[in-house]
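Engineer: Right, I'll just put the structure down here and ask away after.
Derivation of every value follows stated rules applied to the coordinates shown; laboratory data play no part. None of the values given here were measured: they were computed from a predicted structure. Note: ideal-geometry Cβ built from the backbone for every residue, glycine included; neighbour counts use all protein chains shown.
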Amino acid sequence: MIIFFSDVHLGVGSRELDKQREQQLIEFLEAQRDSITHVYILGDLFDYWFEYNNVIQYQHFRLLECLWRFSNDGVPIDYIIGNHDFAHRTFFEQELGTTLHWEDIVVEHQGVSLYLSHGDGKAHNDTGYRILKSILRNKIAQWLYKWVHPDIGIPLASGTSDKSRYHTSSKDYKEANERNGLLEFAEAVIDKHNADYVVMGHLHRPVVHTYKNGTYINLGDWIHSFTFATLNNGKLQLQQWDTGSKTYSPYVEKNM
């Protein structure tokens, strides 16, 4: 079984609630240890991540250790960088054995093709963010920022992430014709790449949309919906983790 998840945003909220969500994700991963053959993280695992030469955020070492054990057991982990965790350097690749991807990727598994993206900057009305993204990912800007002491730099990054996440969660990603911008991007990808599945995050809302011979799935998040996707026997399905029973089942869209 291959799993896909995104938008955990570790670091959000009170430390108590943050540790609780981290533990819920660890419990989910450990419960599937014998079944998981590949892990795809589609961005924003952290609400902020800024990696200094010799310093990382220590609060989430439990999850980092969990990911290391998967990798050490031979389970590949691919991590598509999101808009909140863009300041990665070498830690994940050198210490955890994770493959980082700075752009969208196309992969094939179990006879199906998948276009994988975090989803940031894809909608037509995300022009402002695309400009900001080019600044935040600028190597010179990151080099300058790393000279800020971590005790100042990390809280500052956290405050900036709070504002960015609020902007994302309140944005409806719709054009004037009321069509969802990310959905339109996914349809265009299916047309261009003939992808069986387009998988994204960033929206913080689970979505399953069939278009022609393809399917667009938005993974939702691990703040409110606790949703993820599994690929089994060539079928990608959106699932939901029950934090109480510690089991998962197919996601059922709630009537609004």
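Engineer: Out of the stretch 233-246, which residues are of a type in the set (S, T, N, Q) and loosely packed, with under 12 Cβ neighbours inside 10 Å?
Structural biologist: Here is the first cut: in the stretch 233-246, the residues of a type in the set (S, T, N, Q) are 233, 237, 239-240, 243, 245.
Of everything in the stretch 233-246, those that are of a type in the set (S, T, N, Q) and loosely packed, with under 12 Cβ neighbours inside 10 Å turn out to be ASN233, SER245.
Engineer: Scan the stretch 64-83 residue by residue and report those that are in contact with a strand residue (DSSP E or B) (Cβ under 7 Å, 6 or more places away or on another chain) and either within 20 Å of ARG21 (Cα to Cα) or of a type in the set (Val, Ile, Thr) (or both). Break it down into steps so the answer makes sense when it comes.
Structural biologist: Filtering the stretch 64-83 down to residues in contact with a strand residue (DSSP E or B) (Cβ under 7 Å, 6 or more places away or on another chain) leaves 67, 70-71, 75-81.
Correct list: LEU67, PHE70, VAL75, ILE77, TYR79, ILE80, ILE81.
Engineer: I'm trying to understand the selection: among the residues of the stretch 198-218, which are touching a residue at least 12 places away in the same chain (Cβ under 8 Å), surrounded by fewer than 24 Cβ atoms within 10 Å (Cβ to Cβ) and of a type in the set (Ser, Thr, Tyr)?
Structural biologist: TYR211, THR215
Engineer: Oh, and also: Every residue in the stretch 68-96 that is charged (D, E, K, R), under 23 Å from ASP120 (Cβ atoms) and part of a loop (DSSP other than H, G, I, E, B), please. Walk me through how you get there before you give the answer.
Structural biologist: From the stretch 68-96, those charged (D, E, K, R) are 69, 73, 78, 85, 89, 93, 95; that's our starting set.
If we keep only those that are under 23 Å from ASP120 (Cβ atoms) as well, we get 78, 85, 89, 93.
Correct list: ASP85, ARG89.
Engineer: Give the residues of the stretch 97-124 that are assigned to a strand (DSSP E or B) and among the aromatic types (Phe, Trp, Tyr), sorted by residue number.
Structural biologist: Let us first name the residues in the stretch 97-124 that are assigned to a strand (DSSP E or B), namely 99-101, 105-109, 112-116.
Passing the criteria: only TYR115.
For every residue, the table says whether it meets (1) at positive phi; (2) in contact with a strand residue (DSSP E or B) (Cβ under 9 Å, 6 or more places away or on another chain).
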| site | (1), (2) |
| --- | --- |
| ILE2 | no, yes |
| HIS9 | yes, yes |
| GLN23 | no, no |
| ILE36 | no, yes |
| TYR40 | no, yes |
| ASP47 | no, yes |
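Engineer: Pairs under 9 Å by beta carbon, first residue of a type in the set (A, V, I, L, M) in the stretch 236-254, partner not in a strand (DSSP E or B), six or more apart or different chains?
Structural biologist: Filtered contacts from the stretch 236-254: LEU236/ASP196; LEU238/GLY220; LEU238/TYR251.
Engineer: Cβ-Cβ distance below 9 Å, separation of 6 or more or different chains: which pairs start in the stretch 9-27 with a residue that is over 12 Å from TYR48 (Cβ atoms) and end on one that is basic (Lys, Arg) and crowded, with 17+ Cβ neighbours inside 10 Å?
Structural biologist: GLY13/ARG21
Here's the yes/no breakdown for (1) under 17 Å from the mean Cα position of the chain (by Cα); (2) more than 24 Å from ASN72 (Cα to Cα); (3) assigned to a helix (DSSP H, G or I):
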{"site": "GLN20", "(1), (2), (3)": "no, yes, yes"}
{"site": "GLN24", "(1), (2), (3)": "yes, no, yes"}
{"site": "GLU30", "(1), (2), (3)": "no, no, yes"}
{"site": "ILE36", "(1), (2), (3)": "no, no, no"}
{"site": "VAL39", "(1), (2), (3)": "yes, no, no"}
